[in-house]
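Visitor: One structure follows; several queries about it will come next.
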Amino acid sequence: MEKEAYLEVYRHSLAHIMAKAVIEIFGKEHVQYAIGPQIDDGFYYDFELPRAIVPEDYKVIEDKMREIVKRREDWTRRVVTRDEALEIFKDQRFKTELIRELPDGETITTYNTGDDFIDLCRGPHVDNSQELMNAAFQVKSVSGSYWRGDEKRDRLQRLYFYCYPDKNALKEHLKLVQEAMERDHKKWGPQLELFMFDETAPGMPYWLPRGWRMYQTLLAYSREVQDIHGYQEISGPVFNNRRLYLTSGHWAHYQGNMFVVPELDRDENGKIIINAEGAFSMPAEAESEIYSAKPMNCPNAMRVFASQTRSYRDLPIRFSEMDVLHRKEKSGQLNGLFRVQEFRQDDDHTFVMESQIEEEVNDIFAIADEIYNTFGVTYRAELSTRPEDFMGDIEVWNDAEAALKRILDRKYGEGGYEINEGDGAFYGPKIDLMIKDALGREWQCGTFQLDFQLPRNFDLKYTAPDGSQKTPVVIHRAIYGSLERFIGVIIEHFKGAFPFWLSPYQVGIVPIRTEHNDYAKEVAKKLAAARIRFEADYSDNNMKEKIKKYKNLKDPFIIVLGDREAQEKTVSVNVRGSNKQIQNVPLDTFISRCMQLNAERTLELPDSM
């Protein structure tokens with residue numbers, strides 16, 4: 001058996017052991033057990049229990065699992081009828097619901113672990129618990145969940161376990177987990193004064209002054225690269241009438257993720273009417289006046305293209321757009337900056353002739369190479385094909401998928417990339433770019449999608465060389481993807497210690513005493529003229545306190561200014577991550593070095609000036 005398949009079998013088997021342990025601890029009559037799949041680093045199981053699981057329970061559950069494994073019980077697979085399954089699980093309402101929903105003719109199997117625990121499962125599993133004797137497992141966490149992921153259904157407890165083949169493998173994984181926790185952007189964001197969240201707007205980050213500086217630096221870099229590659233930036237309305245989304249197809253295929261704002265009844269003073277039950281009402285004629293916060297930029301780009309007569313000579317036309325987007329997410333899915341409800345993308349919609357597709361996609365790959373190299377991350381590509389809920393003609397989809405496969409085959413060789421069947425956007429196949437961070441974790445950030453559908457929906461045309469009217473192909477493209485998500489990734493990649501060019505503040509100015517403030521202000525003025533981001537502490541606080549403050553905020557350079565520096569027009573430089581101070585650096589030399597670091601966007605800080 002291949003290693004990955006083996007991991008799945010024993011992790012899934014241990015999920016059953018865990019369920020059996022929980023039942024033995026809490027009592028069979030008090031436990032409703034739902035589902036318990038294996039996952040990348042272990043497994044979990046969802047339960048309804050008489051009380052909340054607390055950290056004091058973790059060792060009890062782990063010890064009970066080890067006791068069960070040592071019993072060396074046989075595992076027995078049985079094929080049962082629907083009626084037999086319903087009888088077996090008559091006291092387990094979650095299992096009963098799953099059984100009733102199984103299609104006619106579905107093979108139903110159960111697995112016994114010993115004589116006293118049975119679960120509804122397709123398997124496969126181990127033949128005897130002794131096969132799990134060497135497995136190393138440990139409680140990861142417990143969290144709330146909802147049955148079938150539906151917030152309106154039963155509230156459950158989800159117990160997660162780490163699970164690896166042996167103690168050494170688990171130990172190495174726990175080291176990685178600890179490092180990941182130390183890099184957690186949700187910790188560094190507030191600590192570095194980058195962003196915050198507030199209950200008044202779940203999943204919609206507040207960008208604090210430091211974070212907003214970095215955000216704008218990322219946008220400026222994207223715009224700089226796009227200018228070189230011939231992009232034009234546009235901006236569209238944040239709210240659009242639903243008619244736009246009826247045309248694009250988003251109303252039919254994406255409405256569940258849209259923030260919808262209907263027109264409401266108002267009194268003669270313009271105030272919204274609320275009835276006795278506390279509900280709003282809509283005027284009967286308001287059906288056409290429903291608006292939505294835009295979840296994507298593409299419909300607006302289509303309208304801009306349609307606003308003028310276009311010729312083949314104009315193509316490709318590249319409309320970049322960095323407007324605010326809103327997508328409605330389930331509250332349980334929100335996760336710091338990684339999954340939010342308000343965000344921006346370094347978005348683009350490029351209108352091309354079919355003959356221009358390959359050249360344009362190759363140029364997009366060149367942009368991705370340049371940008372990702374700047375951050376010191378590598379990436380690989382994945383092709384996602386037609387989903388079940390697709391829009392348009394299958395033949396058009398086949399052509400689009402074939403075009404992207406040809407491009408990827410030429411770039412990576414046949415089989416040199418992954419294919420995710422059925423994971424494309426509803427309007428076209430896509431290539432996702434999976435970047436790898438400092439811990440080797442992969443994140444989907446960049447994407448480009450080939451779209452033959454939306455241009456047809458909007459009846460877009462350009463004049464071909466023979467004078468006929470033809471429909472362009474649209475390439476949807478983002479390299480950062482969501483800037484919020486990308487910032488979360490790079491916070492963790494750099495552990496908050498950003499490269500000089502990206503740091504919110506690049507230089508912290510520390511005058512030793514207040515009598516050195518005049519020279520500090522002179523330095524600040526010259527840094528500002530050179531467009532070097534700085535912050536200065538002119539207070540009478542102790543010098544060490546000032547330095548510590550800027551160290552905690554991870555400023556790349558902290559310059560200390562005293563009598564000698566003021567007299568000789570020099571600076572003494574503390575470099576982040578270094579214990580030594582570079583003394584007596586001429587101010588102009590220091591500024592030139594900072595300007596060079598900004599221009600070159602280097603990842604490392606120098607150890608000399």
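Visitor: Quick check: is even one residue across region 448-460 closer than 29 Å to residue 245 by Cα, free of Cβ contacts under 8 Å to residues at least 40 places away in the same chain and in the same structural domain as residue 386 (by TED's automatic domain parsing)?
Guide: Step one: filter region 448-460 for residues closer than 29 Å to residue 245 by Cα, giving 448-460.
Filter once more, so that each one left must be free of Cβ contacts under 8 Å to residues at least 40 places away in the same chain: 449.
From what's left, in the same structural domain as residue 386 (by TED's automatic domain parsing): 449.
There is at least one residue in region 448-460 that is closer than 29 Å to residue 245 by Cα, free of Cβ contacts under 8 Å to residues at least 40 places away in the same chain and in the same structural domain as residue 386 (by TED's automatic domain parsing).
Visitor: Let me ask something else about it. Among the residues of region 293-330, write down those that are of a type in the set (Gly, Ala, Ser) and in contact with a Gly (Cβ under 8 Å, 6 or more places away or on another chain). Please lay out each step first, then the result.
Guide: To start, the set of residues in region 293-330 that are of a type in the set (Gly, Ala, Ser) comprises 293, 301, 306-307, 311, 320.
Once the filter is applied, which keeps residues that are of a type in the set (Gly, Ala, Ser) and in contact with a Gly (Cβ under 8 Å, 6 or more places away or on another chain), region 293-330 yields only 301.
Visitor: Report yes if residue 486 is assigned by TED's automatic domain parsing to the domain that holds residue 374, crowded, with 22+ Cβ neighbours inside 10 Å and part of a helix (DSSP H, G or I), otherwise no. Give the steps one after another, and end with the answer.
Guide: Values: assigned by TED's automatic domain parsing to the domain that holds residue 374: yes; crowded, with 22+ Cβ neighbours inside 10 Å: yes; part of a helix (DSSP H, G or I): yes.
Judged against the criteria, residue 486 is a match.
Visitor: Checking the structure you have, find out if any residue of region 446-453 is crowded, with 22+ Cβ neighbours inside 10 Å, closer than 17 Å to residue 346 by Cβ and in contact with a Pro (Cβ under 8 Å, 6 or more places away or on another chain).
Guide: Yes: one or more hits.
Visitor: Give the number of residues within region 85-137 that are outside any loop (DSSP other than H, G, I, E, B), of a type in the set (A, V, I, L, M), more than 25 Å from residue 29 (Cβ to Cβ) and more than 34 Å from the chain's Cα centre (by Cα). Walk me through how you get there before you give the answer.
Guide: Residues of region 85-137 that are outside any loop (DSSP other than H, G, I, E, B), as a first pass: 85-88, 93-101, 108-113, 118-120, 128-132, 136-137.
Imposing the further condition that a residue be of a type in the set (A, V, I, L, M) reduces the set to 85-86, 88, 98-99, 108, 118, 120, 132, 136.
Subset that is more than 25 Å from residue 29 (Cβ to Cβ): 132, 136.
Restricting the remaining residues to those that are more than 34 Å from the chain's Cα centre (by Cα) gives 132.
The total comes to 1.
Visitor: In a loop (DSSP other than H, G, I, E, B), out of contact with any helix residue (DSSP H, G or I) (no Cβ under 7 Å at 6 or more places or on another chain), of a type in the set (A, V, I, L, M) and at negative phi, is that true of residue 35?
Guide: yes
Visitor: Out of curiosity, is residue 380 touching a residue at least 24 places away in the same chain (Cβ under 8 Å) and closer than 18 Å to residue 486 by Cα? Show your work before the answer.
Guide: Details: touching a residue at least 24 places away in the same chain (Cβ under 8 Å): yes; closer than 18 Å to residue 486 by Cα: yes.
Answer is yes for this residue.
Visitor: Checking the structure you have, find out if any residue of region 111-129 is under 26 Å from residue 333 (Cα atoms) and either free of Cβ contacts under 8 Å to residues at least 24 places away in the same chain or touching a Phe, Trp or Tyr at 6+ places or on another chain (Cβ under 9 Å) (or both). Explain how you work it out, then say what you get.
Guide: Taking region 111-129 as the starting set, the residues that turn out to be under 26 Å from residue 333 (Cα atoms) are none.
No, the conditions are met nowhere in region 111-129.
Visitor: From the list 189, 256, 211, 230, pick out the single residue that is exposed (fewer than 14 other Cβ atoms within 10 Å of the Cβ) and modelled with pLDDT of 95 or more. Spell out how you get there, then give the answer.
Guide: On the way: 189 fails: exposed (fewer than 14 other Cβ atoms within 10 Å of the Cβ); 256 fails: modelled with pLDDT of 95 or more; 211 fails: exposed (fewer than 14 other Cβ atoms within 10 Å of the Cβ).
Every option except 230 fails the conditions.
Visitor: Within the set of pairs 6 or more residues apart or between chains, which connect a residue that is part of a helix (DSSP H, G or I) inside region 400-419 to a residue that is surrounded by 12 or more Cβ atoms within 10 Å (Cβ to Cβ) and among the polar types (S, T, N, Q) with Cβ atoms less than 8 Å apart?
Guide: 401/385; 407/362; 411/362
Visitor: Got a sec? Which of 7, 49 is closer than 17 Å to residue 133 by Cβ and either surrounded by fewer than 22 Cβ atoms within 10 Å (Cβ to Cβ) or out of contact with any strand residue (DSSP E or B) (no Cβ under 6 Å at 6 or more places or on another chain) (or both)?
Guide: Numbers: 49 fails: closer than 17 Å to residue 133 by Cβ.
Sole residue among the options that is closer than 17 Å to residue 133 by Cβ and either surrounded by fewer than 22 Cβ atoms within 10 Å (Cβ to Cβ) or out of contact with any strand residue (DSSP E or B) (no Cβ under 6 Å at 6 or more places or on another chain) (or both): 7.
Visitor: Out of region 325-343, which residues are in a strand (DSSP E or B), out of contact with any Phe, Trp or Tyr (no Cβ under 8 Å at 6 or more places or on another chain) and crowded, with 20+ Cβ neighbours inside 10 Å? Can you show your working first?
Guide: Keep residues of region 325-343 that are in a strand (DSSP E or B), which gives 325-326, 335, 339, 342-343.
Checking which are out of contact with any Phe, Trp or Tyr (no Cβ under 8 Å at 6 or more places or on another chain) leaves us with 335, 339, 342-343.
Across region 325-343, the qualifying residue is only 343.
Visitor: Same structure again: Looking only at residues that are exposed (fewer than 11 other Cβ atoms within 10 Å of the Cβ) and small (Gly, Ala, Ser) in region 259-282, which one is modelled with the highest pLDDT?
Guide: Restricting to residues being exposed (fewer than 11 other Cβ atoms within 10 Å of the Cβ) and small (Gly, Ala, Ser), the top hit is 270.
Visitor: Restricting to region 458-477, give me the number of residues that are closer than 24 Å to residue 321 by Cβ and of a type in the set (Ser, Thr, Tyr).
Guide: Residues flagged as closer than 24 Å to residue 321 by Cβ and of a type in the set (Ser, Thr, Tyr) within region 458-477 amount to 2.
Visitor: In this structure, does residue 582 turn out to be assigned to a strand (DSSP E or B) and either free of Cβ contacts under 8 Å to residues at least 60 places away in the same chain or surrounded by 20 or more Cβ atoms within 10 Å (Cβ to Cβ) (or both)?
Guide: Details: assigned to a strand (DSSP E or B): yes; either free of Cβ contacts under 8 Å to residues at least 60 places away in the same chain or surrounded by 20 or more Cβ atoms within 10 Å (Cβ to Cβ) (or both): yes.
In short, yes.
Visitor: Just checking, which of 406, 386, 380 is at pLDDT 90 or above and touching an Asp or Glu at 6+ places or on another chain (Cβ under 8 Å)?
Guide: Only one candidate passes the filter, namely 380.
Visitor: Please go through region 420-437 and pick out each residue that is in contact (Cβ under 8 Å) with a residue 60 or more places away in the chain and either in a loop (DSSP other than H, G, I, E, B) or more than 21 Å from the chain's Cα centre (by Cα) (or both).
Guide: 426, 427, 437
Visitor: Restricting to region 138-154, name every residue that is over 24 Å from residue 85 (Cβ atoms), part of a loop (DSSP other than H, G, I, E, B) and touching a residue at least 24 places away in the same chain (Cβ under 8 Å).
Guide: 151
The values are calculated or read from the model by the stated rules, or taken from the named source; none is laboratory data. Source: prediction; values computed, not measured. Counting neighbours? That spans all protein chains shown, and the Cβs are built from the backbone with ideal geometry, glycine included.
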